[in-house]
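Where a number appears in this text, it was derived from the coordinates with a stated rule and is not lab data. Note that this is a predicted model, so its numbers are computed, not measured. When we count neighbours, we look across all protein chains shown, and the Cβ atoms used for this are built from the backbone with ideal geometry, even at glycine.
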Amino acid sequence: KRLGEHGLALVREIHDRKAGGTVNILTHCNAGWLAFVDVGSATAPIYAAHDAGIPVHVYVDETRPRNQGASLTAWELQKHGVPHTIIADNAGGHLMQHGMVDLVITGAD
């Protein structure tokens, strides 16, 4: 819960700097509620921001070789109604290089 609260403050700060625009978040690996409890650890700020009405979009990299991102993280986000796009692992660098990512969150289970 505390991770979500701390992360929410960061997401809110980015949202305010973007004048209310969507906060684009890139995730790597899974540390959501399937691996932990309730809202998970790494995904907790995403759910907190979404529930607070802050528009977020999550780029979920597939996380090879087991594809935890493409299978677990994407499924969890879909169940919570969070807008997301599954991307190839290599696409994350491209998105960051072009300024399309505001925040990166990684799972460390």
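For this structure, a couple of remarks:
- Two-site label geometry, residue 98 and residue 67: point separation in nm, points 7 Å out along Cα→Cβ: 2.4 nm
- Once the mean of 1/r is taken over each pair of separate Cα atoms and inverted, the range 56-95 shows a Kirkwood hydrodynamic radius of 10.0 Å.
- For the range 1-36, applying the loop criterion from DSSP together with a ceiling of 15 other beta carbons within 10 Å to the trypsin sites (Lys or Arg not before Pro) yields 1, 18.
- Computed helical MRE - 222 nm, the chain, DSSP H runs ≥ 4 contributing -39500 (n - 2.57), nearest 500: -10000 deg cm²/dmol
- Total charge dipole magnitude, the chain, about the Cα centre, Cβ charges on Lys, Arg, Asp, Glu only, Debye to nearest 20: 40 debye
- Scaled against the 2.2 N^0.38 Å expected of a compact globular protein of N residues, the Cα radius of gyration of the range 2-106 reads 0.98.
- Least to most buried among 33, 75 (fewest other Cβ within 10 Å first): 75, 33
- Couplings 3J(HN,Hα) for the range 35-45, derived from phi with the Karplus relation 6.51 cos²θ - 1.76 cosθ + 1.60 (θ = phi - 60°), are 8, 10, 9, 6, 9, x, 10, 5, 8, 4, x Hz, where x marks Gly and Pro.
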